[in-house]
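The values are calculated or read from the model by the stated rules, or taken from the named source; none is laboratory data. Quick caveat: nothing in here was measured; it's all calculated off a predicted structure. Neighbour counts run over all protein chains shown; Cβ positions are idealised from the backbone, glycine included.
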Amino acid sequence: MYSERLLDHFQNPRNVGELPPPAQTVEVMNPACGDILRLSVMWEGERVREVRYKTRGCTASIAAGSALTEWMAGRSRPELRALKAVEVEQWVGGLTAESKHAAVLVVDAVKALLRATTA
């Protein structure tokens, strides 16, 4: 049902936790399934210096959060703005139709982060 990559991120999640201030932290929720993702980022100029996440949700959401944090490290704000759910799906080796919400959840978290940055 799940790919090896997805299971690896689920069983061995990377960058779990929360960064202390002055890190920027956002939280998003998928109202349909109830999954919650909290994303903390420390910026260095226009780039992500450090990133952590916490997820309360399904296997796919936990794995997608882990994969997201690996990708985010060192990325610029324009790169983050260009992120698409289909890319997240590729990072975890694909998602079933029932699990595609996990990719949307992490993209929503990045969008919320960027909105909070410019606010």
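Set side by side, the residues Val28, Val86 differ, and just one is β-branched (Val, Ile, Thr), modelled with pLDDT of 95 or more and either surrounded by 14 or more Cβ atoms within 10 Å (Cβ to Cβ) or in contact with a Lys or Arg (Cβ under 9 Å, 6 or more places away or on another chain) (or both), which is Val28.
Residues of the range 72-107 that are within 12 Å of Ser61 (Cα to Cα), within 13 Å of the chain's Cα centre (by Cα) and touching a residue at least 60 places away in the same chain (Cβ under 8 Å): Val92, His101, Ala102, Val104, Leu105, Val106. For the range 78-114, a residue qualifies if it is touching a strand residue (DSSP E or B) at 6+ places or on another chain (Cβ under 8 Å) and of a type in the set (D, E, K, R), and exactly one does: Asp108. On inspection, Cys58 qualifies as under 20 Å from Leu6 (Cβ atoms), free of Cβ contacts under 8 Å to residues at least 60 places away in the same chain, out of contact with any strand residue (DSSP E or B) (no Cβ under 7 Å at 6 or more places or on another chain) and surrounded by fewer than 22 Cβ atoms within 10 Å (Cβ to Cβ).
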